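Okay, so here's the structure we're looking at.
The values are calculated or read from the model by the stated rules, or taken from the named source; none is laboratory data. Remember, predicted model here, so these are calculated numbers, not experimental data. We place every Cβ from the backbone using ideal geometry, glycine too, and count neighbours over all the protein chains shown.
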Amino acid sequence: MDLVSFPLNDCHGYSVKFSPFVERRIACVASQNYGLSGSGFLFILDLSPSNHLTLAVQSQWTDGLFDLAFAEDHPDIILTASGDGGIQLWDLKTPEVPKLVWKEHSREVCCLDWNQTRQQQLVLSSSWDRSIKLWDPKGTNSICTFLGHSDLVYNVSWSPHLPNCFASVSGDHTLCVWNSTKPGHPVVKLTAHATEVLACDWSKYDRNVIATGGVDGRVKAWDLRNTSAPCFELIGHEYAVKRLRFSPHQAHLLASCSYDMTTRVWDTRRLQPEVFAHHREFVYGLDFSCLTPDKIADCSWDRTVSIYTPPSVLNTV
């Protein structure tokens with residue numbers, strides 16, 4: 001496994017994403033003091049031909065940064081989510097200060113997602129204030145607010161298949177599916193876990209399937225045509241599943257990361273994961289590269305971000 005890591009100085013990693021435009025580029029957000037106090041940092045890192053991560057851009061915010069989203073219409077625009085309830089829009093050509101700051105959430109913003117259908121540029125944010133907000137990246141105020149959860153909204157995810165459809169998961173144990181043009185009530189609401197639900201992601205190959213990850217350490221997949229029971233369940237993590245991602249290249253591959261300090265790559269046909277234990281603290285961020293089929297990135301509270309090629313991915317690509 002060709003693992004390469006980059007130190008995040010005195011900051012704890014919270015989220016990592018691959019660029020949808022620049023091959024072998026990742027962005028990572030990290031926070032001082034576990035996000036409880038101090039500043040947050042945005043790191044733009046490039047993987048060199050000699051397999052080293054080099055710092056291309058670094059930006060700083062006055063509060064902890066907890067998530068990020070690359071723009072889907074411009075390679076140099078990126079959003080970050082902060083503990084002060086704000087969302088920052090950065091231009092990597094002028095990274096000293098954000099071009100725009102939105103501040104409507106009353107508590108920490110913990111998730112951002114930029115829609116991938118490219119018919120219309122829209123962004124979702126979710127927060128500890130129990131709300132989800134819809135934004136036009138060129139606007140100054142949110143378009144609308146979605147109120148359907150009774151606890152923290154940990155994760156929000158646009159459907160890669162349907163332009164107005166997105167999902168959210170919450171500390172209230174539920175998964176909700178929404179129509180972004182009708183903010184009143186979710187189209188689907190189900191109890192996904194007996195615990196808080198921290199993560200969700202859509203299958204890139206089946207428009208009806210979405211996976212959830214809970215504090216119970218389980219990953220469950222749901223077919224929205226019949227939600228009476230999960231269509232499969234992956235059991236192996238010892239603690240909470242913080243984030244999960246379906247592979248954009250292989251329909252049967254799914255990765256998850258956890259407070260048990262591991263990242264696992266699952267072949268859903270076999271239900272046996274490949275386990276990676278290169279971190280020494282909670283693994284918080286995870287992503288598949290959409291441009292390089294064999295690459296995964298993760299980041300951890302151990303102050304490092306890593307890129308590597310799981311053997312299971314090589315065996316199936």
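Numbers below:
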{"item": "Selection within region 153-180 - out of contact with any strand residue (DSSP E or B) (no Cβ under 6 Å at 6 or more places or on another chain) and more than 20 Å from residue 208 (Cβ to Cβ)", "result": "171, 172"}
{"item": "Boolean, residue 20 is part of a loop (DSSP other than H, G, I, E, B), farther than 21 Å from residue 140 by Cβ, touching a Cys at 6+ places or on another chain (Cβ under 9 Å) and in contact (Cβ under 8 Å) with a residue 40 or more places away in the chain", "result": "yes"}
{"item": "Every pair of residues 6+ apart whose Cβ atoms lie under 6 Å, when the first sits in region 226-239 and is among the hydrophobic types (A, V, I, L, M, F, W, C) while the second is assigned to a strand (DSSP E or B)", "result": "231/221; 231/223; 232/221; 234/219; 234/266; 235/218"}
{"item": "Cβ pairs under 7 Å, 6+ apart, first in region 92-116 and more than 26 Å from residue 245 (Cβ to Cβ), second assigned to a loop (DSSP other than H, G, I, E, B)", "result": "93/76; 103/85; 104/142; 106/85; 106/129"}
{"item": "Residue in region 54-61 that is touching a residue at least 24 places away in the same chain (Cβ under 8 Å), at negative phi, assigned to a loop (DSSP other than H, G, I, E, B) and of a type outside the set (Phe, Trp, Tyr) present", "result": "no"}
{"item": "Subset tally (residues that are free of Cβ contacts under 8 Å to residues at least 40 places away in the same chain and of a type in the set (A, V, I, L, M, F, W, C)) for region 23-40", "result": "1"}
{"item": "Conditions (1) modelled with pLDDT of 95 or more; (2) hydrophobic (A, V, I, L, M, F, W, C); (3) not in a strand (DSSP E or B): number failed by residue 156", "result": "(3)"}
{"item": "Of the criteria (1) modelled with pLDDT under 95; (2) under 21 Å from residue 280 (Cβ atoms), which one residue 50 fails", "result": "(2)"}
{"item": "Enumeration of residues in region 105-136 that are aliphatic (A, V, I, L, M) and part of a strand (DSSP E or B)", "result": "109, 112, 123, 124, 132, 134"}
